[in-house]
Amino acid sequence: MKLKKGIPLIDQHDQHGFWGGKFGGNFIPETLKKPVEDLTNKFRKLRKDKRFLKKRDFYFKNYIGTPTSFVKLDNLTNHLGGAQIWAKVVSEANGGAHKIYNATVHALICKAMGKKYIIGDTGAGYAGKMLSMAAKKFGLKCKIFMGAKDIKRQKPNCDAMRKNGAEIVPVYSGSQTLVDAVSECMRYWVSNCDNAHMCVGSTVGPNIFVKICGWSTAQISRELKIQLVSQFKKIPKKVKLINCVGGGSSAYGFWSEFIDYDKRQIELIGVEAGGPKNSKLHAAPLSRNAKIGILHGAASYLCQNSEGQINDTESISAGLDYPGVSPIHCFLKDTKRARYTYATDEEALNAHVMVTKYENLNPSLEPSHAFAEAIKIAPKLSKDTIIICNSCGDATKDRDILRERLGK
Amino acid sequence: MNSLINQAFQNAKKENRPALLTYTVAGDNTKKKSLEILKSISNYSDICELGFPHNTPIADGGQIQTSAYRAIKNGIKINDVFSIVKNFKKSKKTKPVILMGYYNMIFQYNENKFLDKCKNVKVDGLIVVDLPYPENKKFASKCKKRGLNFIQLVSPTTSSLRLKNIIKDSHDMIYYISMLSTTGGKLKVSPKKILKEYKKIKDQNKSKNVVIGFGITEKTIKSLKKADGLVVGSVICKEITNSIKKRQNTVINVTNIVRKLKNEIK
């Protein structure tokens, strides 16, 4: 298994849609074959269409508000004493998280395909909120599938979705979290694929959805590359790019421009959700050595039992609370280009507390997992090492959880 | 050699009616009960589809999901599914059994081991919901080698070129999904239109047995009786749920439903 240079990772799959011969693919019911094929053909054309690219760039700039800033966290760096800690503040994007890139692109594709309905899944509620925003912006009807448990714990984002005119469909089956929301969204698409367009909220699902999402979030690393050069005059010698990984869309977007670099120069570190310290449950299939399995149309490392039933997951962060992971991250793991680890709920909470104490930054519980790893390794590293965390979401949505856990 | 599946269709044809295919979930609501139900309904059903339940069934509607969760909760394992088939075949030697489920369970069990086991307990055919053509080519030929029927699915969204290729690669039976829906949806397409699509498939190769499934109930079954076979699943699962709720005998109630369905197409 080998990575190719000079080709975006999203395009390094074989004719059946597998990365590294075994991750990804299209494990879908017959009914979805045609809509998936139509979408694949459309996307292939659109990504080469200059007018479409111009449109994308226009909305990225004027609607999403790119570029997001790249800042040094001086106080945190001084406090930890070691590597420099920087943040790419993706949460500045319209709506407060990276999910807006994928949502905007899907809304543009939906328009281009002449469909009037857009549907999507959501865990933390960011994917849903952003899709509802984009739908409103582009005049599309929108339905969001969300686990009943998540609706309760991420209320601010639900309020936003409703305000944008989207219908939230609560999902009561299974664990009532993201995994069930994605299943229910796919079921709805099976029944309505003739007039609805489906947006998968992360770099997961059948091959084409991994590609579209990765293509959208790649904007993050395009910006970062320019910002690094303007800050340091060239790409520094020792860089560590730390990102949380649930499905893996922000991590891929944060890394995509840097995958061709030698890992001794730019190390890629993915941080999964380790769950509560004393619980056996987690949402960390990569770092806790889960076996390969098939979920939502794709093969990936997967939290499952020996029979192939999907395991319950547990994490304080709804956005990372997913038993599978992007096939492209499985590929990056097996080729050893990226390193994956996990942070527990408690470590993420502590990181959130520390970052907000020292910096004018309010990372949500998802990127707090990335900060937890940064805090862990920074003191041991030299001062010329540049750690960059993707602060990919804002903690406004975590208001209730933070209040409950921290008494804030 | 003429497969039991083929024979079942031939027998129905002799009686000038479509074959009745029933779907139940193995282990719903217990291992023992599901075997009893299977034995009892097979007096009326021509081919028995038996689902091996998965907890993330992306193509199933509420009724079958409920049955699947119930069976898993009661501890059903893949090996139990095989033992149900084995026991069933002891008394019902000529009744064809088709296992139906999602690919991850086969993948975790190990493809070859799974198929050997199927052959061993005399499973007649397999439907794998999320292993579409052409990705299923290798799997289908492995089935064939072991004398197992791999059943291809065709849907209203299947293009004509694709249809041609799928039929070319199919074995004795083809499953036509009546409409864009998960299982158990309300029939939202007219029977006339469904039969028109059905005929398109049939015209490609008359020797293939084509069954229609999804949205078939006591009310709709008669209108589709021109087909080679008709599949009923959600209605049965729903009856199990209702019988449990009312604390009634699931075996008797489900058998009554299947008998009624059979009478509709006689």
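Could you please let me know if B:Asn11 is in a helix (DSSP H, G or I), within 14 Å of chain A (Cβ to nearest Cβ) and surrounded by fewer than 18 Cβ atoms within 10 Å (Cβ to Cβ)?
Values: in a helix (DSSP H, G or I): yes; within 14 Å of chain A (Cβ to nearest Cβ): no; surrounded by fewer than 18 Cβ atoms within 10 Å (Cβ to Cβ): yes.
So B:Asn11 does not fit the description; no.
Restricting attention to segment A:278-298, report how many residues are within 25 Å of A:Trp189 (Cα to Cα) and either facing chain B (nearest Cβ under 8 Å) or surrounded by fewer than 21 Cβ atoms within 10 Å (Cβ to Cβ) (or both).
Step one: of segment A:278-298, the residues within 25 Å of A:Trp189 (Cα to Cα) are A:293-298.
Still in the running and either facing chain B (nearest Cβ under 8 Å) or surrounded by fewer than 21 Cβ atoms within 10 Å (Cβ to Cβ) (or both): A:293-297.
Count: 5.
When segment A:46-73 is examined, which residues are found to be assigned to a helix (DSSP H, G or I) and in contact (Cβ under 8 Å) with a residue 12 or more places away in the chain? Explain how you work it out, then say what you get.
Going residue by residue through segment A:46-73, those that are assigned to a helix (DSSP H, G or I) are A:46, A:50-64.
The answer is A:Leu46, A:Phe52, A:Lys55, A:Arg56, A:Tyr59, A:Phe60, A:Tyr63, A:Ile64.
Can you confirm whether A:Asp14 is at pLDDT 95 or above and over 27 Å from A:Asp398 (Cα atoms)?
Values: at pLDDT 95 or above: yes; over 27 Å from A:Asp398 (Cα atoms): yes.
So A:Asp14 passes the test.
Go through segment A:142-157 and report how many residues are touching a Phe, Trp or Tyr at 6+ places or on another chain (Cβ under 9 Å) and not aliphatic (A, V, I, L, M).
Going residue by residue through segment A:142-157, those that are touching a Phe, Trp or Tyr at 6+ places or on another chain (Cβ under 9 Å) are A:142-143, A:145, A:147-148, A:154, A:157.
Then keep just the ones that are not aliphatic (A, V, I, L, M); that gives A:142-143, A:145, A:147, A:154, A:157.
Selection size over segment A:142-157: 6.
So, in segment B:156-177, of the ones that are part of a loop (DSSP other than H, G, I, E, B) and within 14 Å of chain A (Cβ to nearest Cβ), which residue ends up nearest to the chain's Cα centre (by Cα)? Working first, answer last.
At the first step, the residues of segment B:156-177 found to be part of a loop (DSSP other than H, G, I, E, B) are B:156-159, B:169-172.
Checking which are within 14 Å of chain A (Cβ to nearest Cβ) leaves us with B:156-159, B:169-170.
Details: B:Pro156: 18, B:Thr157: 20, B:Thr158: 20, B:Ser159: 23, B:Asp169: 19, B:Ser170: 16 Å.
If we take residues in segment B:156-177 being part of a loop (DSSP other than H, G, I, E, B) and within 14 Å of chain A (Cβ to nearest Cβ), then B:Ser170 is nearest to the chain's Cα centre (by Cα).
Kindly provide the set of residues from segment A:178-210 that are surrounded by 24 or more Cβ atoms within 10 Å (Cβ to Cβ) and either among the small types (Gly, Ala, Ser) or assigned by TED's automatic domain parsing to the domain that holds A:Ala283 (or both), ordered by number.
Answer for segment A:178-210, where residues must be surrounded by 24 or more Cβ atoms within 10 Å (Cβ to Cβ) and either among the small types (Gly, Ala, Ser) or assigned by TED's automatic domain parsing to the domain that holds A:Ala283 (or both): A:Ala181, A:Ser183, A:Gly201, A:Ser202, A:Gly205.
So which residues in segment B:88-139 are crowded, with 18+ Cβ neighbours inside 10 Å, part of a helix (DSSP H, G or I) and within 11 Å of chain A (Cβ to nearest Cβ)?
B:Tyr103, B:Asn104, B:Met105, B:Ile106, B:Phe107, B:Gln108, B:Tyr109, B:Phe114
Taking the condition among the basic types (Lys, Arg) and surrounded by 21 or more Cβ atoms within 10 Å (Cβ to Cβ), does A:Lys163 pass?
Values: among the basic types (Lys, Arg): yes; surrounded by 21 or more Cβ atoms within 10 Å (Cβ to Cβ): no.
No; evaluated as a whole, the condition is false for this residue.
Checking the conditions here, which among B:Leu153, B:Leu180 is in a strand (DSSP E or B) and at the interface with chain A (Cβ under 8 Å from one of its Cβ atoms)? It would help to see each step written out before you state the result.
Details: B:Leu180 fails: in a strand (DSSP E or B).
The match here is B:Leu153.
For B:Val85, state whether it is more than 11 Å from chain A (Cβ to nearest Cβ), of a type in the set (Val, Ile, Thr) and assigned to a helix (DSSP H, G or I).
Working: more than 11 Å from chain A (Cβ to nearest Cβ): yes; of a type in the set (Val, Ile, Thr): yes; assigned to a helix (DSSP H, G or I): yes.
Yes, satisfied.
Going by what's in this entry, would B:Lys142 be described as more than 14 Å from every other protein chain (Cβ to nearest Cβ) and either out of contact with any Phe, Trp or Tyr (no Cβ under 6 Å at 6 or more places or on another chain) or more than 29 Å from A:Asn195 (Cα to Cα) (or both)?
Values: more than 14 Å from every other protein chain (Cβ to nearest Cβ): yes; either out of contact with any Phe, Trp or Tyr (no Cβ under 6 Å at 6 or more places or on another chain) or more than 29 Å from A:Asn195 (Cα to Cα) (or both): yes.
Yes: the conditions hold for B:Lys142.
Anything in segment A:299-315 that is more than 7 Å from chain B (Cβ to nearest Cβ) and either surrounded by fewer than 20 Cβ atoms within 10 Å (Cβ to Cβ) or in a loop (DSSP other than H, G, I, E, B) (or both)? List them, or say none.
Residues satisfying the conditions are A:Leu302, A:Cys303, A:Asn305, A:Asn311, A:Asp312, A:Thr313, A:Glu314, A:Ser315.
Filter segment A:55-70 down to residues that are surrounded by fewer than 16 Cβ atoms within 10 Å (Cβ to Cβ) and of a type in the set (A, V, I, L, M, F, W, C), then give me how many there are.
Counting residues in segment A:55-70 that are surrounded by fewer than 16 Cβ atoms within 10 Å (Cβ to Cβ) and of a type in the set (A, V, I, L, M, F, W, C) gives 1.
The values are calculated or read from the model by the stated rules, or taken from the named source; none is laboratory data. Quick caveat: nothing in here was measured; it's all calculated off a predicted structure. Neighbour counts run over all protein chains shown; Cβ positions are idealised from the backbone, glycine included.
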